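The values are calculated or read from the model by the stated rules, or taken from the named source; none is laboratory data. Since this is a predicted model, take the numbers as computed values, not measurements. Cβ coordinates were reconstructed from backbone atoms using ideal geometry, including for glycine residues, and neighbour counts include every protein chain displayed. Ligands, DNA and RNA are excluded from the accessible area calculation, which covers all protein heavy atoms including side chains. Shrake-Rupley method; radii C 1.70, N 1.55, O 1.52, S 1.80 Å.
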Amino acid sequence: SAYNEHIGWIYMIQDNTVEAQSMNLTNDSIASYERLLNSVLSCISAVMQKPTGSMLGIHNNHYTEQLGNTADGHLAISKAFKEPFDPQGNRQGEVWVDSLGRWFSVAEARVTLPGGSHVTLQSALDITKRKINEQEFEEQTSKMENSSRLITLGEMASTITHEINQPLTAITAYANTALEVIDRAPEVNKAQVLEIYRKIANQAARIDKIIKNIRAFAKRRPTTLEYVSLNSVFSDTMELGRLIEKKYAGVQVVYELPAVVPDVICDPVQIMQILMNLIRNAAEAILEHGSEDKTITVSAKVGAKDVELSVGDHGPGISDTMKASLFTPFFSTKKNGLGLGLSTCQTIAESHNSRLRVRDNEGGGAVFFFDLKICFTKDSEAQKQK
């Protein structure tokens, strides 16, 4: 009062239910958003670019555990990208971050805020273990392919020796004949001696070709897809195919090729490995079954975009039950088979964007086949139109 007496109270009450509900809803949303971010196994982060430098904004626990509480990890991953942002401000890919010593599968997006600030959102998943496993798998596959080739050559070692001995014997005979002609004749018949030396050179070239084919076949190397003449692949296969015919008595390998064989995209040594493995399997099946028809047919059928290569025989054939497991590693229909041959062939076919398949042969037996992409160069297009 005017006399400084306390005569009452003034109460001011404001209803803030709506504000409290909004605050609670906002807090719940933030908590839910944080739980969502923390449930993701990737490192989620947002970095804002300011004149004073880069500032780490929103980030999840996974980011903190793997990359810390600064923008350094985000920036290191971003700098490892070789591809630029697309026009929409996005990019994604797998990157190796040298400073972190790890592989990441990354997705990034650039966002411009209403105030003009630029923010980069990043999701980075550590895939180092997967990459290591992939590399180890590739190395094991390569070793398995090489082992399969060496097994093939090992089984034909005696035949290879015989194949080389034949031209060596011929060279010895021709050389002795030349010596006799030169030593005994009063006047050396130059034309006769030259002809003998030509024969020696031809036999030496034959040995050289056999050894080169064997070395190329046995050498371990990664898949190298290139433009290759299919004729040259078949020519080299025929050279080694003759070893099969000599090892498996009575077996005859016949080659059916179209008049015009296009170039294809492949690794010639690996394609030769598939054909050799299939020819050898067919020869063994024919002899084990005691088939009257011992012909193995290697053929090429040219389509619009692919060439189908096939190896067919008239052996016992393959049941539908075995077809399902035929290309599984370590599955074999042979008593002492390792089960690596067809599995390795399938791996090679897949590296050529193809698949090795099998169908029943008319009149009995089986046909294994796969496709190779035709190489459409300017020359091949002109030939096709012609």
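Below are the figures for this structure:
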quantity: Two-site label geometry, Ala107 and His289: point separation in nm, points 7 Å out along Cα→Cβ; calculated: 5.2 nm
quantity: Stretchable slack from Leu25 to Ala204, in nm (0.36 nm times residue separation minus alpha-carbon distance); calculated: 55.5 nm
quantity: Contour excess over end-to-end distance, with Cα ends at Ser299 and Phe376 and 0.36 nm allotted per residue; calculated: 25.6 nm
quantity: Linear extension gain, Glu308 paired with Ser32, 0.36 nm per residue minus alpha-carbon span; calculated: 93.7 nm
quantity: Rg/Rh (Cα only; Kirkwood hydrodynamic radius) as it applies to the stretch 63-138; calculated: 1.03
quantity: Greater than 21 Å apart at Cα, pairs in Lys209/Lys294; Lys131/Lys323; Lys246/Lys294; Lys247/Lys294; calculated: Lys209/Lys294; Lys131/Lys323
quantity: Residues of the stretch 226-253 with amide N under 13 Å of the 7 Å Cα→Cβ point at Thr169; calculated: none
quantity: For Asn202, net neighbour charge (Lys/Arg +1, Asp/Glu -1) across residues whose Cβ lies under 12 Å away; calculated: +2
quantity: Residues of the stretch 59-129: accessible area per residue with a 1.4 Å probe, Å²; calculated: 58 Å²
quantity: For the stretch 25-97, the fraction of alpha-carbon pairs in successive 5 Å shells from zero, as %; calculated: 3, 14, 19, 22, 21, 12, 6, 2, 0
quantity: Distance in nm between pseudo-label sites at Gln192 and Asn69 (7 Å out along the Cβ direction from Cα); calculated: 10.1 nm
